[in-house]
1. Put +1 on the Cβ of each Lys and Arg and -1 on the Cβ of each Asp and Glu in segment 221-300; which of TRP274, PRO254, ALA240 then has its Cα farthest toward the positive end of the dipole?
2. Per DSSP H run of at least 4 residues, take -39500 (n - 2.57); add these up for the chain, divide by its residues and hand me the 222 nm value, nearest 500 deg cm²/dmol.
3. State the answer as a single residue: which of PHE263, LEU8, ASN157 lies farthest towards the positive end of the charge dipole of the chain, with beta carbon charges of +1 for Lys and Arg and -1 for Asp and Glu, about the Cα centre.
4. Only four residue types carry charge here, +1 at the Cβ of Lys and Arg and -1 at the Cβ of Asp and Glu. Report the dipole size of the chain about the Cα centre in Debye, rounded to the nearest 20.
5. Using alpha-carbon positions, what is the distance between the centroids of segment 252-300 and segment 1-38, in Å?
6. Using a Förster radius of 45 Å, what is the FRET efficiency between ASP181 and ASP153 based on their Cβ-Cβ separation? Nearest 0.05, please.
7. In cubic angstrom, how much convex hull volume per residue do the alpha carbon atoms of the chain span?
8. Just to be sure I understand the model, the point goes 7 Å from the Cα along the line to the Cβ. What's the resulting GLN31 to THR267 distance in nm?
Amino acid sequence: MKADLNLLPVFLILLEERSVTRAASRLGMTQPALSNALNRLRATFRDPLFIRERYGIRPTELALSLAPDIEAALARLDDLIVARQDFQLADADHLFVVATNGYAELVLIPPLVAWLQAEAPKVRLRLVPFGTNLSDTGVISGTTAMALGRMVDPPDNLVVQHLMEDGLACVVRAGHPEVRDSISRAQYEQLRHVNVLPPGRLRAGLFQAMETQGVHRNIAVSVTQFSAAPEMIAVSDLCATLPRLLCRSLEQDPRLRVLPAPFDLGTFPVEMAWHTRYRNDPAHKWFRGLVMEIAGKLGA
């Protein structure tokens, strides 16, 4: 039987998603078409590969054992192909799928979009969410170009590049009756706070810093997006603790006042991760170089 190499990416997506429905959506296929591809995979490897369960599919032992070799084979094929290609920025017509957490989407993506519009208008971006699990983003299988945020326990097939460090600052409304040009620790603990609870490790880092400093916060409102906090601060006497680079844009808002935190909250890393198969891809090398350049300017 002649092997159909088009089935191999399908295998990896199924392994990552553990769901025919989600895998079909990511691949842009109908469920019947994906089921047909799965049947052909089963015939090729003479194994069920994936067993249906109540909430999805479970890979067999053979499927798990095949995965590393299939990933390596596809990466090698990619290397052979891209090694024969050139990347010309003037003619670039690429779509980069990027997984971002809420912080990266607000801080890194706007200057990236501005640069692309001016210098490479044919290059397109599609953002997908990046919360707590890298496997949800497609970056592990290589269907997503890169992930931006904080990488925790990345698998061996990902390359992780440190981009920059950021810290934290406090935000209150400009007419706050109790806060003037600075905020003391006592004031900080007495104020009521907007607490941002994004998915991932950004919130864990803040909580750990608070615990280390022995700081208590009186939480009035908890939100899931950084962008929600400033609007709540502008119409109340609440306080928020937000990343400094986010606060740069808030300093231009006359309704708000950005102040240093009254104690050391440390910094947190911002990182970029991509599949090893893109290591020698000319377009990808250019794109991640651009992301690094933009991050370097922001963190300067």
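1. Farthest towards the positive end: TRP274.
2. Computed mean residue ellipticity for the chain: -12500 deg cm²/dmol.
3. Towards the positive end, the residue furthest out is LEU8.
4. 580 debye
5. So the two Cα centres are separated by 34 Å.
6. The calculated FRET efficiency here is 0.60.
7. Here the figure is 162 Å³ per residue.
8. For GLN31 paired with THR267, the spin-label model returns 4.9 nm.
No value in this document is a laboratory result; all are computed from the given coordinates. Here the structure is a predicted model, which is why all the values come from computation and not from measurement. Using ideal geometry, Cβ is built from the backbone for each residue, glycine included, and neighbour counts are taken over all protein chains shown.
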